[in-house]
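Structure record follows, encoded as structure tokens.
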Amino acid sequence: MTRILHRSIAAALPHAVSGQGVYIQDAEGRRYIDGSGGAAVSCLGHGNPEVLEAMRVQMDHIAYAHTSFFTTDVAERLAERLVRLAPEGLDYVYPVSGGSEAVEAALKMARQYFVEIGQPQRRHIIARRQSYHGNTIGALAAGGNAWRRAQFQPILPETHHVSPCYAYRDQRPDETTDAYAQRLAAELEAKIIELGADQVIAFVAEPVVGATMGAVPAVPGYFRLIREVCDRYGVLLILDEVMCGMGRTGSLFACTAEEVRPDLVTIAKGLGGGYQPIGAVMLSEQIYRAFADGSGLFQHGHTYIGHPVAAAAADKVVEILSRPGMMEHVQAMGERLQAGLDATLGQSPHVGDIRGRGLFRGIELVADKDGKASFDPALRIHARVKKEAMARGLMCYPMGGTIDGVHGDHVLLAPPYIIQPEEIDQIIDRLAGAI
Ligand code: PMP
């Protein structure tokens, strides 16, 4: 009997009772390798003593202080650390409590930015098909407080979608990588022109697409061209690193590898490492200045922003992630994972593509390897693989091809960065068995 409305009502879930390192144990004493870090969250594994101690110390001082009355040393320290480690040009931090909140705040920040600089006519957001940026439904649209809504009218920005960068399926056989990237950039430019050259607020994209595509990086040069298009029309570039950020791909920020300068970056998940719910928007000086020299108030805010215990956990997580050798270990383990998956599953008739970067790898499952035909979504192959993996003591993150009617079943692997070679090999074995 449960009194919780679980996400999947019919599923009987095991009860997690403890976590240590890369393992989670359930009430029946079964151990699971956390091959997905939950949903790419647990970057340091479970039970990290340094993070727990940092939270304890902070709780002894103060557990909660509302940000309309106070700032805290710990939140300021976290912001300083993030700015120091971020790609150049991300100079300020807006703390929030999770990924959806970060995306919601970034969209509102982008919208209000244009109000502050006298371009209130901009009202369109462009994102990509088969993307996921969070679960909130524009709570603001439902609220009846005119003052809170005024600068965001029409309340829900109009959202439009262009093609994702998905070389495995969409790059034509006779097309070079450059030509493919240019075709996608041209599609974005055409969309901006269609909506009006001075009507678009922002383009939103994940540097490496996680939940909906299974660790798909963009082709080289794509984001540089996208940046050029955005600049041509004064459109802000928002990179959503909620899943692929915080070292997941082998660099603290995934966009470092793209050599692109975003205006706004959202982070969450690995930021708190699962120890606390926390996220953040990182923003450029230009955006900060517009607020500081304009109304002086970002018209947004939640009760738990800058939560001291969450900030203490995140500050310690980020400090550990930035230690020498950590990102090199992620890269080395990621390469071992890719090589092992290629060797074990590369020839499987139902494995179409194995891709990713760092400890962020996706396996695309297909009905027919040569034609790349997807399975019938009704078969829910991804969910069956997850179930089989759980029965073998492995957590992997499944995704189905029903979103937006686009291709395929995938499973995502995103284990904690503390993982060791023999555990990587176990993940591969168990996943191969499940598939
Ligand atoms: N953006 C991306 C890229 C995500 O992967 C997710 C979560 N899967 C979110 C936003 C939303 O984050 P949260 O679930 O913490 O609200």
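The values are calculated or read from the model by the stated rules, or taken from the named source; none is laboratory data. Because the structure is predicted, anything quoted here is derived from the model rather than measured. Here the Cβ is made from the backbone with ideal geometry for all residues, glycine too, and neighbour counts use every protein chain on show.
Couple of notes before you dig in:
- Of the residues making up the range 311-353, those that are in contact with a Lys or Arg (Cβ under 7 Å, 6 or more places away or on another chain) and free of Cβ contacts under 8 Å to residues at least 40 places away in the same chain are Gln338, Pro349.
- Of all residues in the range 89-110 being surrounded by fewer than 22 Cβ atoms within 10 Å (Cβ to Cβ) and at pLDDT below 95, the one that is farthest from the chain's Cα centre (by Cα): Lys108
- Selection count where residues are assigned to a loop (DSSP other than H, G, I, E, B), aliphatic (A, V, I, L, M) and either surrounded by 17 or more Cβ atoms within 10 Å (Cβ to Cβ) or not assigned by TED's automatic domain parsing to the domain that holds Thr212 (or both), scope the range 36-73: 2
- Which listed residue is in contact with a Ser or Thr (Cβ under 8 Å, 6 or more places away or on another chain) and assigned by TED's automatic domain parsing to the domain that holds Val204, from Glu76, Glu104, Glu80: Glu104
- Screening the candidates Val209, Val200 for the property of being within 16 Å of the ligand (Cβ to nearest atom) and in contact with a strand residue (DSSP E or B) (Cβ under 6 Å, 6 or more places away or on another chain) yields one hit, Val209.
- Pairs are defined by a Cβ separation below 8 Å, a sequence spacing of at least 6 or placement on different chains, a first member in the range 93-106 that is of a type in the set (S, T, N, Q), and a second member that is more than 9 Å from the ligand (Cβ to nearest atom); the pairs so defined are Ser97/Ile278; Ser97/His302; Ser97/Tyr304; Ser97/Ile305; Ser97/His307; Ser97/Ala310.
- Complete set of residues in the range 162-184 that are closer than 30 Å to Phe114 by Cα and not in a loop (DSSP other than H, G, I, E, B): Val162, Ala181, Gln182, Arg183, Leu184
- Qualifying residue in the range 185-199 (condition: on the phi > 0 side of the Ramachandran plot, in the same structural domain as His300 (by TED's automatic domain parsing) and outside any helix (DSSP H, G or I)): yes
- Members of the range 406-418 found to be in contact with a Gly (Cβ under 8 Å, 6 or more places away or on another chain) and either buried (at least 24 other Cβ atoms within 10 Å of the Cβ) or farther than 22 Å from Gly273 by Cβ (or both), listed by number: His407, Gly408, Asp409, His410, Val411, Leu412, Leu413, Ala414, Pro415, Pro416, Tyr417
- Condition check for Leu297: assigned by TED's automatic domain parsing to the domain that holds Val93, under 25 Å from Pro49 (Cα atoms) and without any contact (Cβ under 8 Å) to a residue 60 or more places away in the chain: no
- Of all the listed residues (Ile125, Ile62), the sole one being touching a helix residue (DSSP H, G or I) at 6+ places or on another chain (Cβ under 9 Å), away from the ligand (no atom under 16 Å from the Cβ), in contact (Cβ under 8 Å) with a residue 24 or more places away in the chain and of a type in the set (A, V, I, L, M, F, W, C) is Ile62.
- Output for the range 224-246, where each listed residue is assigned to a loop (DSSP other than H, G, I, E, B) and under 19 Å from Gln286 (Cβ atoms): Tyr233, Gly234, Val235
- Being free of Cβ contacts under 8 Å to residues at least 40 places away in the same chain and either touching a Lys or Arg at 6+ places or on another chain (Cβ under 7 Å) or closer than 27 Å to Gln286 by Cβ (or both) holds for only one residue in Ala218, Ala197, Ala205, Ala179, and it is Ala197.
- Where Leu85 falls short, out of the listed (1) within 14 Å of the ligand (Cβ to nearest atom); (2) among the aliphatic types (A, V, I, L, M); (3) in contact (Cβ under 8 Å) with a residue 24 or more places away in the chain: (1)
- Taking the listed residues Leu188, Leu184, Leu195, Leu156, the one that is closer than 17 Å to Leu237 by Cα and surrounded by fewer than 20 Cβ atoms within 10 Å (Cβ to Cβ) is Leu195, with no other qualifying.
- Pairing residues of the range 133-155 that are closer than 30 Å to Pro207 by Cα and within 16 Å of the ligand (Cβ to nearest atom) with residues that are acidic (Asp, Glu) and modelled with pLDDT of 70 or more, at Cβ distances under 7 Å and at least 6 apart in sequence or on separate chains, gives His133/Asp240; Gly134/Glu104; Thr136/Glu104.
- Qualifying residue in the range 92-106 (condition: more than 16 Å from the ligand (Cβ to nearest atom) and not small (Gly, Ala, Ser)): yes
- Residue in the range 217-246 that is surrounded by the most Cβ atoms within 10 Å (Cβ to Cβ), counting only those that are within 18 Å of Gln130 (Cα to Cα) and within 12 Å of the ligand (Cβ to nearest atom): Met243
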